[in-house]
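In what follows, a structure is listed as C-alpha cells, so that the remarks can point back to it.
The values are calculated or read from the model by the stated rules, or taken from the named source; none is laboratory data. Every value quoted in this text rests on a predicted model; they were computed, and no experiment measured them. Note that we place each Cβ from the backbone using ideal geometry, even for glycine, and neighbour counts take in every protein chain shown. Remember, those area values only see protein heavy atoms, side chains included, never the ligands or the DNA or RNA. Shrake-Rupley method; radii C 1.70, N 1.55, O 1.52, S 1.80 Å.
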Protein chains: 2
Amino acid sequence: MVAEPLAEIDAVGLAKGFKALGDPARLRLLSMIAARAGDEVCVCELTDAFTQSGPTISHHLKVLRDAGLVTSERRGSWVYYRVVPSALAALSKLLDTSAMAVAAEA
Amino acid sequence: MVAEPLAEIDAVGLAKGFKALGDPARLRLLSMIAARAGDEVCVCELTDAFTQSGPTISHHLKVLRDAGLVTSERRGSWVYYRVVPSALAALSKLLDTSAMAVAAEA
DNA sequence: TGTCAAACTCGACGGGTGTCGAATCAAGAA
DNA sequence: TTCTTGATTCGACACCCGTCGAGTTTGACA
C-alpha cells in the first residue's frame with residue numbers, strides 16, 4: 001500500500017488476487033497446496049478433504065488458477081497443483097508495507 | 001498458510017478479510033487511508049477521489065469496517081477513517097509464510 | 001426553532017458467484 | 001476397441017454483490 005495510493009489500473013489486477021482468496025474453501029485449498037512446500041498435491045487428495053462435490057472443488061481450483069495463484073499439471077490420470085510463490089508474495093507485500101507504514105507512525 | 005493447513009473455522013474468518021479486499025474500489029480506498037500512515041482521512045476526501053456515488057463509497061467503507069480492516073470516528077460534521085495495522089498484518093503474514101515455505105524449497 | 005451540509009441507510013436493479021447433478025473429456029487397463 | 005476412473009465442463013438454481021437515486025440521520029450554525 002506504500003506511500004503512494006494505488007492507481008486504479010493496479011487495483012484491478014490486485015483485487016483479482018484477493019477476490020480469489022475471499023472464499024473459505026479456496027483459502028483452505030490454497031493452504032493445503034502451500035503446506036506441501038514445493039511439492040505438488042493431487043486433486044484427488046484435495047477432494048477427499050472437503051465435503052463439497054468434485055465439480056465444486058474443480059471450480060474453486062480454476063478460480064485460483066485464473067488468478068495466477070496456482071498452476072496445474074497433468075501426469076497420467078492425475079492432475080497436480082502447486083502454488084506460485086511470487087503471486088502470493090506480491091499480495092503479501094502490499095498489505096505488509098501498508099501495515100508497516102502505519103505502525104511506523106506509532 | 002504455514003506448515004499446517006488451515007482449519008475450516010480459521011479459513012472462514014480470514015476469507016472475510018480477503019473478500020473485503022477483493023474489489024478495486026475498496027483496495028484503492030484502503031490504500032488511500034493507509035497512505036496517511038497513522039493519520040486519518042476524511043470521507044469527503046475519499047469521495048472526491050472516486051467517480052462512484054457517495055452511497056457506494058459509504059457502502060465500501062462499511063464492508064472494510066465490518067471486516068475489521070479500518071475504523072471510523074465522527075468528529076463534528078466529518079467522519080474520519082484509519083486502518084487497523086494488526087488486521088492487515090495478519091492477512092499479510094498468512095500469504096508470506098506460505099510463499100516462504102515454497103521458496104525455501106527451491 | 002429552522003436550515004444546511006456531510007454521511008449513512010433503504011430499496012431496487014443487473015450481473016456475478018457457489019453449489020450441485022449430469023454429461024463430457026483424458027488416460028490407462030482389459 | 002471397450003470399460004473404468006479421475007477431472008473438468010455444462011446447465012441450472014438460489015443467493016450475494018456493486019451500484020445508484022431517494023430518503024434519513026447527524027451535527028453545526030444562525
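When the helix-only estimate is applied to chain A (DSSP H runs of n ≥ 4, each -39,500 (n - 2.57), divided by the residue count), what is the mean residue ellipticity at 222 nm, nearest 500 deg cm²/dmol?
After summing the helix terms and dividing by residue count, I get -19500 deg cm²/dmol.
If you count, for each residue, the other Cβ atoms within 10 Å and average over each peptide, how do A:47-53, A:17-23, A:35-41, B:46-52 line up from highest to lowest?
Final packing ranking: A:17-23, A:35-41, B:46-52, A:47-53.
Can you tell me the accessible area per residue over segment B:8-105, all protein chains present, probe 1.4 angstrom, in square angstrom?
It amounts to 48 Å² per residue over segment B:8-105.
Can you give me the three principal axis dimensions of segment B:1-51 from its C-alpha atoms, in Å, biggest first?
For segment B:1-51, the Cα extents along the three principal axes come out at 43, 24, 14 Å.
Which entries in the list A:19/B:16; B:19/B:62; A:62/B:93; A:93/B:62 go over 20 Å, if you measure between the two C-alpha atoms of each?
In this structure, A:62/B:93; A:93/B:62 exceed 20 Å between Cα atoms.
Can you work out the Karplus-derived ³J(HN,Hα) for every residue in segment B:19-27? Use 6.51 cos²θ - 1.76 cosθ + 1.60 with θ = phi - 60°, whole Hz, and x for glycine or proline.
Working through the residues one at a time gives 4, 5, 8, x, 9, x, 5, 5, 5 Hz.
From the P(r) of the protein assembly as shown, could you give the percentage of C-alpha pairs in the tail past 23 Å?
Working: 10178 of 22366 pairs.
So the pairs more than 23 Å apart make up 46 percent of the total in the protein assembly as shown.
About the Cα centre of segment B:8-105, what is the dipole size in debye to 20, counting +1 per Lys and Arg Cβ and -1 per Asp and Glu Cβ, all else neutral?
So the magnitude is around 280 debye.
Need one number: buried accessible surface between chains A and B, 1.4 Å probe, both sides summed, DNA, RNA and ligands left out, in Å² to 100.
Looking at A and B, the buried total is near 3200 Å².
From Cα coordinates alone, what are the radius of gyration and Dmax values for segment A:8-105 in angstrom?
Cα radius of gyration and Dmax of segment A:8-105 are 15.0, 55 Å respectively.
What length, rounded to one decimal in nm, is gained on full extension from residue B:10 through to residue B:53, with 0.36 nm per residue of separation minus their alpha-carbon distance?
Net length gain for the segment: 12.0 nm.
Simple spin-label model, 7 Å along Cα-to-Cβ: residue B:62 to residue A:73 in nm?
Going by the 7 Å Cα→Cβ label model, 4.8 nm.
On the protein heavy atoms, probe 1.4 angstrom, tell me the percent of accessible surface of chain B carried by carbon and sulfur.
Numbers: 2840 of 5210 Å².
Taking all protein chains in place, chain B shows 55 percent carbon and sulfur surface.
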